[in-house]
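What follows is calculated from the coordinates using simple rules that are stated; it is not laboratory data. All values reported here derive from a predicted model rather than from experimental measurement. Cβ atoms come from the backbone with ideal geometry, glycine included; neighbour counts cover every protein chain shown.
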Amino acid sequence: MGANRDEVDRLIAAWKRERPDLDLSPFAVLSRISRISRNLDIARRDAFADLETWDFDVLAALRRAGDPYQLSPGELMQETLVTSGTMTNRLDRLEELKLVTRQPDPDDGRGSLVTLTASGMRAVDKALDGLLEHERDLLKGLTREQRAALSELLSVLAAHLEES
């Protein structure tokens, strides 16, 4: 393998020495993804400043919805993969911060619509700009072609995991 490039290489070398009978290829891939995820979580916390990661997820879903930047709580649950109770708590907090508003759904008397406020728009746009700056920094060690190849491979893996 040559020189160890990262911590996972060092760990794999030690496991190969102790357990040469094992196929460590899953560890080589998924341990790196796990470590990269931790670095990304730190970068996101830095980029989001006053927002929690889940605040950004909800605001970003509304922003991506396009004008009028409005979704039902059920649609937000699908976008962010959380339960009804969790979404209610998140919307309560975001409404308290005046980043979203909730009003009755005119097409469904029992439902409501969540709308991004102007403050919410500014907050999510600022957070996205900061996130992309941090993420570009995280990927600066890769060429454009390497980033494209990695993105394609991760897409294949993600699709497989989502099917499972």
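Rank these for me by crowding, 22, 131, going from fewest to most other beta carbons within 10 Å. Walk me through the numbers before you get to the answer.
Working: 22 12, 131 18.
Lowest count first: 22, 131.
Would you kindly state how much longer the chain becomes between residue 6 and residue 42 on full extension, computed as 0.36 nm times their sequence separation minus their alpha carbon distance, in nm to one decimal?
Length gained between residue 6 and residue 42: 11.1 nm.
Fewest first, what order do 80, 53 take by the number of other Cβ atoms within 10 Å?
Starting with the residue having the fewest Cβ neighbours, the order is 53, 80.
With the Cα gyration tensor of the chain in hand, give its eigenvalues times 5 under a square root as the equivalent ellipsoid semi-axes, listed largest first in whole angstrom.
The three semi-axes for the chain are 40, 18, 14 Å.
Return one number: the angle in degrees, 0 to 90 and rounded to the nearest 10, between the long axis of the Cα atoms of helix 7-18 and the longest principal axis of the Cα atoms of the chain.
50 degrees
On full extension of the chain, what length is gained from residue 64 through residue 24, given 0.36 nm per residue of separation minus the C-alpha to C-alpha distance?
10.4 nm
With +1 on each Lys and Arg Cβ and -1 on each Asp and Glu Cβ, how big is the dipole of the chain about its Cα centre, in debye rounded to the nearest 20?
Result for the chain is approximately 600 debye, rounded to the nearest 20.
For segment 1-48, build the convex hull from the C-alpha positions and give me its volume per residue in Å³.
Here the figure is 72 Å³ per residue.
With θ taken as phi - 60° and the coefficients 6.51, -1.76 and 1.60, list the Karplus ³J(HN,Hα) couplings across segment 70-75 in order, rounded to whole Hz; mark glycine and proline as x.
Going residue by residue, I get 9, 9, 7, x, x, 5 Hz, with x marking Gly and Pro.
Can you put 82, 114 in order, fewest other beta carbons within 10 Å first?
Exposure proxy ranking, most exposed first: 82, 114.
In percent, how large is the relative contact order of segment 1-84, given Cα pairs closer than 8 Å and 6 or more residues apart?
15 percent
To the nearest 500 deg cm²/dmol, what mean residue ellipticity at 222 nm is calculated for the chain from DSSP H runs of n ≥ 4 alone, each contributing -39,500 (n - 2.57), summed and divided by the residues? Show your work: numbers first, answer last.
On the way: 7 runs with 110 residues, N = 164.
For the chain, the value works out to -22000 deg cm²/dmol.
In the chain, if the dipole is taken from +1 on Lys/Arg beta carbons and -1 on Asp/Glu beta carbons about the Cα centre, which of 84, 26, 53 is farthest to the positive end?
Checking the options against the dipole of the chain, the answer is 26.
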